[in-house]
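The next block holds one structure in the form of C-alpha cells; read it before the comments.
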Amino acid sequence: MREALANWYLLENSAEDILFFVGILIIGLVMRRFFSNSFSKIIFRFLPNQFIQVQDCIQLLRKPVELLLFWIFLYFSIQYLHVPIAWHFNPVEKFGLLFLLQKAFETAVIITFTWLVVRMLKVIILIAQQKWQGVEQKSKQQFIPFLNDLGMVFIIAGSGFVLLGRVFQVDVMALITGLGLGGLALALAARETLENLFASFTIFLDLPFVVGDSIQAGSISGDVEKIGFRSTRLRAVDGNLIMIPNRLLTSQSLENMSERNFRRAKYTLSCSLQSKPEQIKSILPQIEQLILAEPLCKKKAPKIIFEGFGTYSLDISVTYFVQTSDFGKFQNVKQEINLGILNCLHQAGINLVSSATAPNMN
C-alpha cells in the first residue's frame, strides 16, 4: 500500500503532497472555530469586561478571524502542490494566471484583515456605548459616532495604501509625497469641506452643545441628533430634519437653550379703553398670584405692570419665568397661565382689544 501511494501521482503531484494539502485544509476547517474563540477570549482579557460580555466579543470577531485563519491554512497547504509543467503556465513572477491568483489571494487577505480591524473598532465602540450611558455622560456620548467615523477613515485609508503597495506595486511614499505637493490645490478645491471638518473639531473641543441639546443658530432651531464631520443634524419642532454645515455653527452666535434653567414668557394684554381704573388696579395682583401659584414659576418673581396707554387700549405688561429647559413643558405651563389670566379678565369684566377691532376714525 505504501509503495503504491509512493508511486501514485495526480497532475504531477505525489500522493504524499496531496495528503498534506488536504490534511492541512481539514485541520484548518475543523480547528478554525476553536482558534477564533481563543483569539476572541485573549482580546477580551485586555478589555474592561464590566462593560462587555465575552460572547459579544466572540460574536463580533468570530467571522473575520475564521476567514483569516482559512487563508492562512490555505497558504501553508498550497505549498505542497505545484502546477504541472505540461500546462506551460508563466511563473508567478510574470503576468499570467498564477500571477493573478497570487494578487487575488493577497487582496483577499488584506480585505479580511481590514474586516477584522473594523470589527475590533466595533468592540471599542460597544464598550464606549456601555460605559457612557446616562444623561450625565451626554458630552461623551457624542464622541461615539465621531470616533467610529474617524476610525473607519483611518482604517480604510491605511488598508488602501497597503493594497496599493503590496498588490499593485505602487510606491506609496512617492504617492504620499505627491499628495502632499497637491495638497494646496486640494485645499483650495475643498475649502468649504475643510472648514466644516475643522469646525467639527472645534465643536468637540469647546462643547458648545452635545447630542440631545436644543439649540438656535440664527433663525434655525431644533434638537441636536448627530454631529458629523461636515454637518450637524437638527430635528425641528415640526419634525423636519435640518442639516447645518458645522462652519456656520462656529461662525455665528449660537444659543444653547438646554443650558438655561428658565424660559421667559413676555406679552402685553391690550385692555379696552372702557376699562375702569379700579378694574385695572385689581387685576394686577390677581395675575401675579395666579402665576405664583404655578410651582415652576416660584423661583423668579413675575412682573405685572400697567405699561401705559395705547392708541386704542390700556396695556398691561406680563413677564414671568418658567423653571424648565423643556420647550414642551414650558408651552403647557404657559397655556395654563394664559387660560387663568383669561378667566380673571372675564370675571373682572375687562375686554381685550386689538388693532383689528379698533374703531374706524374716517
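The values are calculated or read from the model by the stated rules, or taken from the named source; none is laboratory data. Quantities reported herein were computed from a predicted structural model and do not represent experimental measurements. Because the Cβ atoms are built from the backbone with ideal geometry, glycine has one as well, and the counts that use them run over all protein chains shown. For accessibility, only protein heavy atoms count, side chains too; no ligands or nucleic acids. Shrake-Rupley method; radii C 1.70, N 1.55, O 1.52, S 1.80 Å.
Structure notes:
- Stokes-Einstein, applied to the Kirkwood radius of the chain over Cα pairs at a viscosity of 1.002 mPa s and 20 °C, places its translational diffusion at 76 µm² s⁻¹.
- Span-rule helices in the chain, defined as complete DSSP H runs reaching 15 Å or more along the axis (Cα) with Kyte mean at least -1.0: 15-45, 54-78, 97-131, 143-166, 191-206, 277-292, 327-348
- Computed extension length for residue 90-residue 343: 81.4 nm, one decimal, from 0.36 nm per residue of separation with the Cα-Cα distance subtracted.
- Dipole of the chain, positive end: most advanced residue of 97, 333, 19 [Cβ charges, Cα centre]: 333
- Given a 1.4 Å probe and the protein chains as shown, residue 294 ends up with an accessible area of around 40 Å².
- Solvent-accessible surface ranking, highest first, for 204, 321 at 1.4 angstrom: 321, 204
- At the residue level, residue 329 shows approximately 100 square angstrom of accessible surface with a 1.4 angstrom probe and all protein chains present.
- Extension gain for the segment residue 147 to residue 125, taken as residue separation times 0.36 nm less the Cα-Cα distance, is 7.1 nm to one decimal.
- Relative contact order of the chain, taken over Cα pairs closer than 8 Å and 6 or more residues apart, is 10 percent.
- Solvent-accessible area of residue 71 with every protein chain in place, 1.4 Å probe, in Å² to the nearest 10: 60
- Estimated dipole of the chain in Debye, rounded to 20 [Cβ of Lys and Arg +1, of Asp and Glu -1, Cα centre]: 720
- Excluding same-chain neighbours fewer than eight residues apart, the lysines reachable from residue 303 by a Cα-Cα span under 17 Å are 266, 281, 334.
- The label-point distance for residue 260 and residue 111, in a model that sets each label 7 Å from Cα toward Cβ, rounds to 5.5 nm.
- Pairwise FRET efficiency - residue 51 versus residue 288, Cβ, R0 = 51 Å, nearest 0.05: 0.45
- Per residue, in Å², the accessible surface of the chain once ligands and nucleic acids are set aside, probe 1.4 Å: 64
- Accessible carbon and sulfur surface of the chain relative to its total accessible area, %, 1.4 Å: 61
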